[in-house]
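Report on the structure given below.
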Amino acid sequence: MKIVFATNNQNKINEVQAQLPGSITLLSLESIGCTEDIPETADTIEANALQKARYIKEKYGYDCFADDTGLEVEALDGAPGVYSARYAGDQKSPEDNIDKLLSELKDKTNKNARFKTVIALIFNGKETLFTGICNGKISETRKGNKGFGYDPVFIPEGFSESFAEMDLDQKNKIGHRGKAVRKLLEFFQ
């Protein structure tokens, strides 16, 4: 089976492909000829994921899935949330986003946070959502050089190392995207 994963983020593609059985092949946006930016203008993570999947289905005709992920920090009333990628501006700089996050948490004692991933699948004419959540906290400094996005400052519950210090297998076992992908796989099985 071949299915489109509606993302240009190679890190996400690698994370998801690593969890899939050999019988499922991911097609990238590039491989279907989609070079435009897919709109992400909704105000929830769920709606953004659906918006991206519907865009590919309507414009290209492929069954597909799309994800959206947000980092939700308790002390910031759930921010950056749906705006995680562009928290520090439209340039979508992970470094700038982390700088802004750490600055805003500087005087806060509550560092609790969670990553939330929603996968929107359009398959055989039906839309289905799968959610994965990973609870944790924000560290005061960056730790590690693996992963991407907020990984260097996110420490999952029950661990002392950040996502950026973990190998991909370990991150997939406990992480938000891994949990959502396992639900997607259960659906296919």
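Just checking, does region 116-125 include any residue being surrounded by fewer than 16 Cβ atoms within 10 Å (Cβ to Cβ) and farther than 21 Å from LYS171 by Cβ? Yes, region 116-125 contains at least one residue that is surrounded by fewer than 16 Cβ atoms within 10 Å (Cβ to Cβ) and farther than 21 Å from LYS171 by Cβ. When you scan region 9-16, do you find a residue that is at pLDDT below 90, surrounded by 14 or more Cβ atoms within 10 Å (Cβ to Cβ) and basic (Lys, Arg), even just one? Within region 9-16, one or more residues are at pLDDT below 90, surrounded by 14 or more Cβ atoms within 10 Å (Cβ to Cβ) and basic (Lys, Arg). Checked against the criterion of being within 13 Å of GLU15 (Cβ to Cβ) and among the aromatic types (Phe, Trp, Tyr), the candidates PHE115, PHE159 yield just one match: PHE115. Scan region 99-115 for residues that are touching a Pro at 6+ places or on another chain (Cβ under 9 Å) and crowded, with 21+ Cβ neighbours inside 10 Å and jot them down. The answer is LEU101, PHE115.
So which residues in region 35-53 are surrounded by fewer than 18 Cβ atoms within 10 Å (Cβ to Cβ) and either within 15 Å of PHE123 (Cβ to Cβ) or aliphatic (A, V, I, L, M) (or both)? ALA42, ALA47, listed by residue number. Restricting attention to region 1-42, the residues that are in contact with a strand residue (DSSP E or B) (Cβ under 9 Å, 6 or more places away or on another chain), closer than 29 Å to GLY78 by Cβ and not aliphatic (A, V, I, L, M) add up to 4.
Starting from residues that are touching a residue at least 40 places away in the same chain (Cβ under 8 Å) and surrounded by fewer than 16 Cβ atoms within 10 Å (Cβ to Cβ), keep the ones in region 130-152 and report whichever is nearest to GLY78 (Cα to Cα). Among those that are touching a residue at least 40 places away in the same chain (Cβ under 8 Å) and surrounded by fewer than 16 Cβ atoms within 10 Å (Cβ to Cβ), it is ILE133. Among the residues of region 17-36, are any outside any loop (DSSP other than H, G, I, E, B) and under 15 Å from the mean Cα position of the chain (by Cα)? Yes: one or more hits.
Every residue, every condition in (1) among the hydroxyl-bearing types (Ser, Thr, Tyr); (2) at pLDDT below 90; (3) touching a Cys at 6+ places or on another chain (Cβ under 8 Å); (4) part of a helix (DSSP H, G or I), yes or no:
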| site | (1), (2), (3), (4) |
| --- | --- |
| ILE3 | no, no, yes, no |
| ALA47 | no, no, no, yes |
| TYR55 | yes, no, no, yes |
| TYR62 | yes, no, no, no |
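The values are calculated or read from the model by the stated rules, or taken from the named source; none is laboratory data. Here the structure is a predicted model, which means the values were calculated and not measured. So basically every Cβ, Gly included, is an ideal-geometry build from the backbone, and we count neighbours across all protein chains shown.
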